[in-house]
Amino acid sequence: MAIFKFKTAFALLALTSFSLNAPALAATKVAFVGDQGTGGNAQAVLSLVSSEGADLLLLQGDLGYYDNTASDWEANLVNELGANFPVLTVVGNHENHEWPAYQRYIEQRIDRVPGLSCTGSIGVKAACTFNNIEVVQVAPGVREVAGVAPDDNYEQFLRDSLSSSQKPWRICSWHKNQNAMQTGSKSDSTGWGVFDACLDAGAMIAMGHEHAYSRTYLLSNFESQSIVHKNSEMTLEPGKSFAFVSGLGGHDIRSQKRGGDWFASIYTASQGATHGALFCSFEDTTAECYFKAIDGSVPDQFSLTLGVQPQLDSHSVPVPSDSDSDAGPTAATSDIDAGFVFSRTDKQALRWIDRDSSGNMASTWINESCAQKMGGVSRTGNWKTLISIAPNTDGIANPCSASTASNPLSSPLPSISNENGFVFSRTDTTEFRWVSRDSTGGMGNIWINKACADRLGGASQSGDWRALNGLAPGFDAIANPCNEPASTVNSPFTTVDEGYVFSRTDKKENRWIERDANGVWGSIWIDKECADRLGGPTATGDWKTLNQEAPGFDAIRSPC
């Protein structure tokens, strides 16, 4: 795949430090679209992009869907926007037919467009600049396209690209989702590491994959969906960001299957949605955004403001000032010869900090057991404090990996057959996964409860999410080894043959539970109105209880 280098004018611009006090730049209007196809609806959305006066089109994957459509897709772009209109796209799972052709069209367009410049593998692992915007493209979870890895150290690439960016506005762009970040039935595909990387940089996250539109409120933690506030004016800064899915580019439109109080806007077939795009006009420190449909509807509007953005120099190690109440001790880092444990105050995470092989300060994630073994926490602070002390994230080895089996990537892969596997215990959350080979011989994994893990001999390997993905990238690609006939499930509701409403106690959410076509219990998200219509909750419990009652998550249709 071709590697692009910054064009001369922008290489010079990249050497200039960005300042919020710099002269105002002209607004850059960006259209965010995903899941296109090449038919009339896709053409109508491109026409809308043109009529709204967009300066740049960002496509979050799934372009043509079928064989021999890349040339039709490019023809649509030329007919509606012109041959020299700035367009960037990331790879989606439906580019399995002819991704090299799509990538070639975009590479050629980048060469023709003054001011649009990229470095890296376009649409897969690249950093692109246009006017006052930095777009970092990755492909987490995409395993359907030849030559594209579902996990290629994307989190670190995002961190490196965003920390060295000289642009005020930073956008993370990829195709697939985590289940909680979309409104349909998509499963966890990307992992939370890429979300954390963008959150820590205060970068907004653009996705596709689910054929609907949704936007979160401003969040301080994507994995736990921690809401900063529910205002329509959001300030982007390290530790605070939002994510959206703009997947109404022209293919089909799907109904809402799930929701959550962290969603600020949901626009699906259930709300009468039609195709459209999200538009944001980025000024020097503010942006106005709105989603507009091809019928003229505007179901969502919000504004953005830039907070304090980190300006990092990987060759220097600034020390937090005494005025930073979150910084902890402020001894010069040059005095630190032995490593120490750092505890983040903005999220539950421990880091080991030490010098890397070049003598620069670096950090790596460690679990609580390792932290205690290394003497316990000696410094605390938020993400800005951490990168001020040790700007090289994940640049050193885990100090406990040599003496424990916490990292399965450092040990040989067990020899297993299609009939056998092993239990994997996650160290970054309380969760067990069964790891085995899938039907194609590749390594896959599936969630199991503790009773199942114990029945299978207990955990034989452990590690965090990245270790799990490196070991078995086929997420939810194999069958649960402990699935039993519904009549033998240890549940007080197994005598119920009709469905019922389940209310979660660990979050505000209702689920409909009933048997699927195979007689196995499954569940699906429903709203309060639907729950009341069905007689209200007759069972309650947390997420673990729900999975024990109905292991088929999102495996049935909504009754409403």
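Each reported figure results from applying straightforward, stated rules to the coordinates on display, with no laboratory input. In this text the structure is predicted, and so the values were computed from the model without any measurement. When we count neighbours, we look across all protein chains shown, and the Cβ atoms used for this are built from the backbone with ideal geometry, even at glycine.
The residues neighbouring Tyr290, those whose beta-carbon lies less than 10 Å from its own, together hold a net charge of -2 under the Lys/Arg +1, Asp/Glu -1 convention. Please report Rg over Rh for the range 157-280, where both radii come from the alpha carbon positions and Rh follows the Kirkwood definition. Dividing the radius of gyration by the Kirkwood radius yields 0.95. The value obtained for the range 3-306, namely the Cα convex hull volume divided by the number of residues, is 111 Å³ per residue.
Quick one: net charge of Ala70's neighbours, Cβ under 11 Å, K/R +1, D/E -1? Here the charged neighbours net out to -4. At full extension, Ser71 and Asn231 could sit 53.3 nm farther apart than now, given 0.36 nm per residue minus the alpha carbon distance. Here the mean projected area of the convex hull built on the C-alpha positions of the range 208-250 is 3.5 nm².
How many percent of the alpha carbon pairs in the range 519-558 exceed a separation of 13 Å? Tail fraction, whole percent: 57. The relative contact order of the range 3-306 comes to 19 percent, based on Cα pairs under 8 Å that sit 6 or more residues apart. Peptides 248-254, 28-34 ranked from most to least packed give 28-34, 248-254, packing being the mean of other C-beta atoms within 10 angstrom over each peptide's residues. Over 29 Å apart at the Cα level, from the set Lys373/Lys544; Lys240/Lys507; Lys257/Lys544; Lys167/Lys507; Lys176/Lys230, are Lys373/Lys544; Lys167/Lys507. The simple spin-label model puts a point 7 Å past each Cα toward its Cβ; for Thr545 and Arg557 those points are separated by 3.0 nm.
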